[in-house]
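What follows is one structure encoded as structure tokens, with my remarks underneath.
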Amino acid sequence: MTNSAGTRSTRRAAIYCRISQDRGGAGLGVARQEADCRALCARVGWDVVAVYLDNDVSAYSGAPRPKWQELLTDIRRGEIDAIAVWHVDRLTRSPRELEDVIDLADRQGIELATVSGEIDLATPTGRMVARMLGAAARHEAEHKAERQTRQRRQAAEAGRIAGGGKRPFGYEDDRLTIRESEAEVIREGVRRVLANESLASISRDWHTRGIVSPAGKPWKAHGLRRLLASARISGRREHTPSDSWEGTRPLLGEIVADAVWPAIVSHEDSDRVRRILADPTRRERVEGTTRRSYLLSGVLRCGKPREDGKTCGWRMNGRPRSGVPRYVCPNTPGTDACAGTATNAERTDGHVRDMVLAALESPAFVERLRSQDNGGRELYDEIRTDEEELEELARDIGERRISRKEWMIARQPIEERLERNRGKLAKVSRVAVLLGFVGTFEDMQARWKRMNISQRRAIITACVRSIEVRPANPRKRWDPDRFVFDWVA
Ligand SMILES: [Zn+2]
């Protein structure tokens, strides 16, 4: 008689080990788990055929356990007859998972042995013990999760940063001490954003200067945006409840506390930069497309007269012809752009630069700019006043000094004004860009040469709203009179 395949003298055992942080170590290093399990298998006469190891994950957290899945698959394939683990809590931490194991044990006749005490899943008593042990482990895991949530919440309210991860840029590892070299760079970044420079331009500059993130990576526009829009750099804690969004975390959270760590930039500057960076229209106005290599794209307007007596008015874009860069009224189907105006880009850029520098050389012009634009100071004050008033109203209704209806009526005009002013605040800050730039014509020319296209654009748009380009006079090769400047001041 041949031995049938079903009769086996020894059980093929799998050892399952899991390293987790949830038992405070407790001497449960993986080597210890495996050695104990091997000894156990030897004692009960099982043949160890495989060791499955999941590293540093908590079953309760829902993190995937790839080796655990592999083990289940191998059991279903009939390759494993028994499992050895150190404790039931290594195996599974949710009743669901435990029931799966019990189910498998039933169907496949799997035996389970634990170093901390054998459990026979084939008997009702054994299952009950397993469930109890599993429940105890689950209680421990849930309790830990609850404790962590509570600690994070407390930390958020107390103004401490949530733990974990790399140190924030601008601060030391303790997250409390300012790293001055980086703080200076942050302040510079804030100034440049307030001056309407693009994030792409700033990050390129940082890259050439070797400024890197705490992870040692070069700054890109996206990361820079998060850095400069964070309330953290103004010493404040913001909180974004994780159930309030899906996908990408919103740029701005709710500011919940004046934090216990020191500020690198003022609340005022932080608020302005946050507004500016969150402004959806900024992307096009300031960042442009990645292909923006034309200084005056969007600044120039087509000035060709139409039949109704008005001018075309479309924003002109850069487009080369025969390799010569030009600005043209676009030939875009579906629009009423006339596509009838074009101008040589190089000569136009030079002309506009000279006109702007000449204007800036005039103290009267700069004075007019300054008097018109105080960097949004008044707007800022108005916004703060309105915000305080809303808080006051909220307290009033909270303490039942006013009715809900009165509250709704009182709050509406304030909220509308706030919305308007916040939008405006994001757009003002013309003079900031000119600080350190204005000087004699020759000085400014020298500075201009060192600037990149984004910085030059910022200077131009601080001075002019738009420039109309009239149709070319066919008898003139270059005609500066075609350009009509709409000066800001
Ligand atoms: Zn046109």
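Side notes on the structure shown:
- Residue count for the stretch 178-220, restricted to those that are outside any helix (DSSP H, G or I) and in contact (Cβ under 8 Å) with a residue 24 or more places away in the chain: 9
- Near pairs, Cβ below 7 angstrom, 6+ apart or cross-chain, from the stretch 397-416 (without any contact (Cβ under 8 Å) to a residue 60 or more places away in the chain) to any residue that is in a helix (DSSP H, G or I) and surrounded by fewer than 12 Cβ atoms within 10 Å (Cβ to Cβ): ILE397/ARG404
- Matching residues in the stretch 159-207 - criterion: being modelled with pLDDT of 90 or more and of a type in the set (Ser, Thr, Tyr): TYR171, SER181, SER203
- Evaluating GLY439 against the criteria (1) within 23 Å of LEU300 (Cα to Cα); (2) assigned to a loop (DSSP other than H, G, I, E, B) leaves one unmet condition, (1).
- For the stretch 292-310, a tally of residues being surrounded by fewer than 16 Cβ atoms within 10 Å (Cβ to Cβ) and within 16 Å of the ligand (Cβ to nearest atom) returns 6.
- The stretch 447-488: number of residues that are under 37 Å from the mean Cα position of the chain (by Cα) and either of a type in the set (Gly, Ala, Ser) or part of a helix (DSSP H, G or I) (or both): 16
- Flag for ALA50 being surrounded by 16 or more Cβ atoms within 10 Å (Cβ to Cβ) and at pLDDT 75 or above: no
- Within the stretch 256-274, the set of residues being at pLDDT below 85 and over 23 Å from GLU172 (Cβ atoms) comprises just one member, VAL256.
- Within the stretch 311-421, helices (runs of 4 or more DSSP H) holding 2 or more residues that are away from the ligand (no atom under 16 Å from the Cβ) and over 28 Å from PHE437 (Cα atoms): 377-398
- Residue match in the stretch 423-435 (condition: modelled with pLDDT of 80 or more and among the charged types (D, E, K, R)): no
- Matching residues, the stretch 322-339, being over 40 Å from the mean Cα position of the chain (by Cα) and loosely packed, with under 15 Cβ neighbours inside 10 Å: SER322
The values are calculated or read from the model by the stated rules, or taken from the named source; none is laboratory data. Only a predicted model underlies this, so the values are computations on that prediction, with no experimental measurement involved. Cβ atoms come from the backbone with ideal geometry, glycine included; neighbour counts cover every protein chain shown.
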